[in-house]
Amino acid sequence: THWKHGGIVGVFGYGGGVIGRYCDQPDSFPGVEAFHTMRVNQPAGKYYKTDYLRQLCDLWDFRGSGITNMHGSTGDIILLGTTTKQLEEIFWTMTHDMNQDLGGSGSNLRTPSDCLGQTRCEYSCYDTSSLVYFLTNEYQDELHRPAFPYKFKFKLDGCPNCCVASIARSDMSFIGTWKDDIRIDQDAVNKYVENDPAYPANAGAHKGSRDWGPFDIEKEVLSLCPTRCMKFENKKLYIDNANCTRCMHCINVMPRALKIGKDTGLSILVGAKAPILDGAQMGSLLVPFVEVNPDNDYKHHRNYENIWDW
């Protein structure tokens, strides 16, 4: 293309956070001779106060193009289009007036990204926001000063639904899981089977103009179980939990009848990729299960440093 993409410009002390973009035809298009992109570290769970958003938009209208992207695959608030002389001014305003930092870009640790986790979701098996906050603060140097041969991404999902797609969009994914059995409310199961209007399948997500017909537990749950580890007999649902892959489908379809187990934690996977010809490929399971709580100071994070060193 007519655009140079890469690390030509930055802010003092940081090697990441700014993506330099220059046009190779500045005489023909002087207005976009430079159109640098800035990555801003999003908060855990991507929660914002409206005052903050207004302040950010006012800053970008004043010193940039006014074009933003919230959020791309990397995470981050993406501020698209500014000139070199504005970079330090923007950085000063964000860090001194807004208590806000840049995110990661280039061959470094990218800004850790997570789902809403336990702040909103009953499926979350660990506090994603707490862990992403810890990782962001623990690895500030790796985030802002590129020293890796290539980029490295953490993404954190509270459960196997993978709402931030960590399983195929990160180098190391943290996916919430549980070790004990799925909890079953047999009375609620039968409410679904009996098509009680107070118990709509998929939490009512499929309601609308189309009539999907009565709920069929065999068709919509049992036959779609990847390992066929479920059966419904004599008004009772049975789950062979030893063969359950925790795909979340049955829980998603009957959320009032089925719940995640109580012995929760996370799995750590590495090496996922999504090549164009082969499609998304799941990462390799590195740690099958680890408890997650601030009391152990997330000591498993030393695994990440060993991988980086290797």
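The values are calculated or read from the model by the stated rules, or taken from the named source; none is laboratory data. Bear in mind that the values here come from a model prediction, so they are computed numbers and not experimental data. Cβ atoms come from the backbone with ideal geometry, glycine included; neighbour counts cover every protein chain shown. Ligands, DNA and RNA are excluded from the accessible area calculation, which covers all protein heavy atoms including side chains. Shrake-Rupley method; radii C 1.70, N 1.55, O 1.52, S 1.80 Å.
The table for this structure:
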| read-out | value |
| --- | --- |
| Entries of Lys155/Lys273; Lys219/Lys262; Lys4/Lys153 with Cα pairs more than 18 Å apart | Lys219/Lys262; Lys4/Lys153 |
| Percentage relative contact order, the stretch 18-98, counting C-alpha pairs under 8 Å, at least six apart | 29 percent |
| Gyration tensor (alpha-carbon) shape descriptor, the stretch 18-98, a/c threshold 1.5 | prolate |
| Candidate values (1) 20.5; (2) 19.8; (3) 22.0, label of the one derived for Kirkwood radius over Cα pairs in Å | (3) |
| Packing rank of 15-27, 46-58, where each peptide gets the mean count of other beta carbons within 10 Å, highest leading | 15-27, 46-58 |
| For the stretch 46-66 versus the stretch 88-130, the gap between their alpha-carbon centres in whole angstrom | 16 Å |
| The chain - accessible surface per residue (Å², probe 1.4 Å) | 54 Å² |
| Residue-level accessible surface for Glu122, protein heavy atoms, 1.4 Å, Å² | 120 Å² |
| Order of exposure, largest accessible area first, which applies to Arg63, Arg145 with probe 1.4 Å | Arg145, Arg63 |
| Solvent-accessible surface ranking, highest first, for Met230, Met38 at 1.4 angstrom | Met230, Met38 |
| Fraction of accessible area attributable to carbon and sulfur, the chain (%, probe 1.4 Å) | 51 percent |
| Nearest 10 degrees, 0 to 90: helix 50-63 Cα axis against the chain principal axis | 30 degrees |
| Low-density loop positions, GluC sites (Glu not before Pro), the stretch 172-244 - DSSP coil, at most 13 other Cβ in 10 Å | Glu194 |
| Normalised contact order of the chain, rounded percent, pairs of Cα under 8 Å and 6 or more residues apart | 14 percent |
| Listed residues Tyr52, Ser65, Cys23: farthest to the positive end of the dipole of the stretch 18-98 (Cβ charges) | Tyr52 |
| No Cys partner within the rule (Cβ under 4.7 Å), the chain | Cys23, Cys57, Cys121, Cys125, Cys159, Cys162, Cys225, Cys229, Cys244, Cys247, Cys250 |
| Net charge over other residues, Cβ less than 15 angstrom from the Cβ of Ile184 (K, R count +1; D, E count -1) | +3 |
| Degrees separating the helix 128-138 axis from the principal Cα axis of the chain, which is the longest one | 30 degrees |
| Extension reserve of the Asn202-Cys57 stretch, reckoned as 0.36 nm per residue once the Cα distance is removed | 48.5 nm |
